[in-house]
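Here's the structure, in structure tokens; my notes come after.
What follows draws every value from the coordinates through simple rules; no lab data is involved. All figures in this text were calculated on a predicted structure; none of them were measured in a lab. Positions of Cβ are backbone-derived with ideal geometry, glycine not excepted, and every protein chain shown enters the neighbour counts.
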Amino acid sequence: MKKVIIFTIFILFLPFLIVNFYQINEKKEIKINYVSNTIIRVKRLSTGNIESLPLEEYIVGVLAGEMPIYFEKEAFKAQAVAARSYALKRMEYNKDNDYDVVDSVLNQVYLDNEYLKEAWGDDYIDNINKLKEVVNETSMEYLDYNGQVIDALFFSTSNGYTESASLVFNIDLPYLQSVKSSWDEKTSSAFRGSMTISLSDFYIRLGIEYSSDLDVKILKRSSTNRVLSLSINGNDFSGRTLYDKLGLKSTDFTIEQIENNVLINTVGYGHGVGMSQYGAEGMAKEGYNYVDILKYYYTGTDIKKIEN
């Protein structure tokens, strides 16, 4: 009889135990700590819609779009502060316009929760919580230079050095100067790249008359080995023009004709100005924290915080 009573009690309480077990082990999504009511207006290029959302929520989506989820936390924290600074600067520039940023590489890649839930599947909670922790731990922090929010440019992979803004965007900013970035070759699979296009397509993209003989002369490289100017069959170009018209990964390139094709080898990935994301990852792996990373890539800056 005693055994029957014990068994009955066990059966009655079994559903309760199961439910509570899963409640204990159920992962919950972290909440963003909103210390400011700052709103950013994001234009979604796929729809043309303009969405207004809290800045910190936007930064979570930018982290998801701009860095691989496996990156070190300190690299993500550096990215969060840089992305927030970039966003604040765009908000300053575009205060009289309809929107502040677009959701693509034209500004910063932003991915919303709906997309991330589908893309990450069962890993969504773990991944989104990692990014929300990063945003909360750097809450409303931005980079300052002489009392102004900086234009915190960043890119994927350096060629061993970042480039000064004056040589890429024709604006000399003291916090966007060239620095050595030796980590990228170890951390980035995009450090070296190559592309092959037909000779005819090469000429068409550059607007040059076709010739079976390709004559390329590199006229000037920067101190970081990026091409500043070159001559192609007597036509002068900037390295940046080839980067844009040919869709190159970097302006550190070589060009070689192979029969009726053109082989272009590149070192690095991106415009080269500001923080190298894979450089930040390399620094984080070596034990540097996000403050170290930011102060290294953005010369003479300080980290400040927006308060309500």
CD proxy, 222 nm, the chain: helix-only mean residue ellipticity via -39,500 (n - 2.57) per DSSP H run with n ≥ 4, per residue, nearest 500, stands at -12000 deg cm²/dmol
For labels at S198 and T299 in the simple 7 Å Cα→Cβ model, what's the distance in nm? 4.6 nm
Projected-area average for the stretch 192-267 over all orientations - Cα convex hull basis, square nanometres: 4.3 nm²
Relative contact order for the chain: what percent, with Cα pairs under 8 Å and sequence separation of 6 or more? 22 percent
Ratio Rg/Rh, restricted to the stretch 111-197 and using Cα atoms, in which Rh is the Kirkwood radius: 1.07
So which DSSP H runs in the chain come out at 27 Å plus along the axis (Cα) with average Kyte-Doolittle of at least 0.0? 2-25
Share of Cα-Cα pairs in the chain lying beyond 27 Å, as whole percent: 53 percent
For the stretch 125-266, alpha-carbon Rg relative to the globular expectation (2.2 N^0.38 Å, N residues): 1.33
List the aspartates and glutamates whose alpha-carbon lies under 17 Å from that of K285, not counting same-chain residues fewer than 8 positions away? E72, E74, D184, E185
With a 10 Å radius around each residue's Cβ, average the other Cβ atoms per peptide and rank 265-273, 155-163, 283-291, highest first. 155-163, 265-273, 283-291
Be a star and scan the stretch 122-144 for residues whose amide nitrogen sits under 19 Å from the point 7 Å along the Cα-to-Cβ vector of N33. 128-143
If one computes the Cα centroid of the stretch 130-173 and of the stretch 213-244, what distance in Å separates the two points? 27 Å
Using only the alpha carbons, work out the radius of gyration and Dmax of the stretch 68-112 in angstrom. 12.2, 38
Positive minus negative residues near S46 (Lys, Arg vs Asp, Glu; Cβ under 15 Å): -3
31 Å Cα-Cα threshold exceeded, pairs from K117/K180; K95/K180; K130/K186: K117/K180; K95/K180
Suppose every K and R has +1 on its Cβ and every D and E has -1 on its Cβ; what is the size of the dipole of the chain about the Cα centre, in Debye to the nearest 20? 700 debye
